[in-house]
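Peer 1: Have a look at the structure that comes next, please.
Just so you know, all these numbers are worked out from the coordinates, no wet-lab data involved. Computed from a predicted model, the values in this text were never measured in an experiment. All Cβ positions, even for glycine, are placed from backbone atoms using ideal geometry, and neighbour counts span all protein chains on display.
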Amino acid sequence: MTGYSIKTGILAAVISVSAMPLTAAAADPENGKELYHEVEIEKTIQGIEYTDANCETCHETSFFSREDRKVTSYAKLEAFVEGCNTNLDVGWFPEDVSDVSAYMNKEFYKFEK
Ligand code: HEC
């Protein structure tokens, strides 16, 4: 009985330790997709008061693939996502910005990392 509970305790400790670096390292485009689509921004845009503006209220997705887009590398993509996040008080944490960048890269920009 006690032997059993000790073993599961050790196992849980091993799993949580080995899982940590994995989740910290890789940005998660699936989570980014949710954040990107579910964000609701409170802002007046061109005279209209929004409580549920999203990333496509200002720029349609075609904006991300136009020829003279400003984002020319993965690093710049993260910088612009962070820029809009900060300017608009979206409130995404750095991990969220990484996840959204991973999603946008997969969907629109397609840079090699
Ligand atoms: C209030 C309007 C507005 C909203 C809402 C907005 N953006 Fe932006 N975004 C801009 C403007 C303006 C630019 C161009 C900035 C520049 O030219 O320096 C831009 C540029 C960008 C770019 C770079 C585009 C390129 O040239 O390739 C990315 C990426 C981006 N935004 C991501 C986001 C994300 C993600 C969200 C949702 C959280 C968001 N934006 C919401 C106004 C907005």
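Peer 1: Across region 96-113, in residue order, what do the Karplus-derived ³J(HN,Hα) couplings come to in whole Hz, using 6.51 cos²θ - 1.76 cosθ + 1.60 with θ = phi - 60° and x for Gly and Pro?
Peer 2: The phi angles translate into 5, 4, 5, 5, 5, 4, 4, 5, 5, 5, 5, 7, 10, 8, 6, 7, 6, 6 Hz.
Peer 1: Among Cys55, Cys84, rank each residue by its count of other Cβ atoms within 10 Å, from fewest to most, as a rough exposure measure. Numbers along the way, then the final one.
Peer 2: Working: Cys55 22, Cys84 16.
Ranked by crowding around the Cβ, least crowded first: Cys84, Cys55.
Peer 1: Got a sec? How would Asp68, Asp28 order by Cβ neighbour count within 10 Å, fewest to most? The partial results should precede the final answer.
Peer 2: Numbers: Asp68 4, Asp28 17.
Lowest count first: Asp68, Asp28.
Peer 1: Let me ask something additional. Using the number of other C-beta atoms within 10 angstrom as an exposure proxy, rank Phe80, Phe111 with the fewest first.
Peer 2: Working: Phe80 17, Phe111 14.
Neighbour counts put them in this order, fewest first: Phe111, Phe80.
Peer 1: Return the sequence-ordered ³J(HN,Hα) values of region 79-89 in whole Hz as given by the Karplus equation 6.51 cos²θ - 1.76 cosθ + 1.60 applied to θ = phi - 60°, using x for Gly and Pro.
Peer 2: Once rounded to whole Hz, the list reads 5, 6, 4, 5, x, 5, 4, 6, 4, 9, 6.
Peer 1: Search the structure for amide H atoms under 5 Å from the amide H of Ala53, placed 1.01 Å from N in the peptide plane, and list their residues when 5 or more places away or on another chain.
Peer 2: Result for Ala53 returns Ile41, Lys43.
Peer 1: Okay, next question. Please list 3J(HN,Hα) in residue order for region 63-73, calculated via the Karplus relation 6.51 cos²θ - 1.76 cosθ + 1.60 where θ = phi - 60°; whole Hz, with x for glycine and proline.
Peer 2: With coefficients 6.51, -1.76 and 1.60, one gets 4, 7, 10, 5, 5, 9, 4, 7, 7, 10, 7 Hz.
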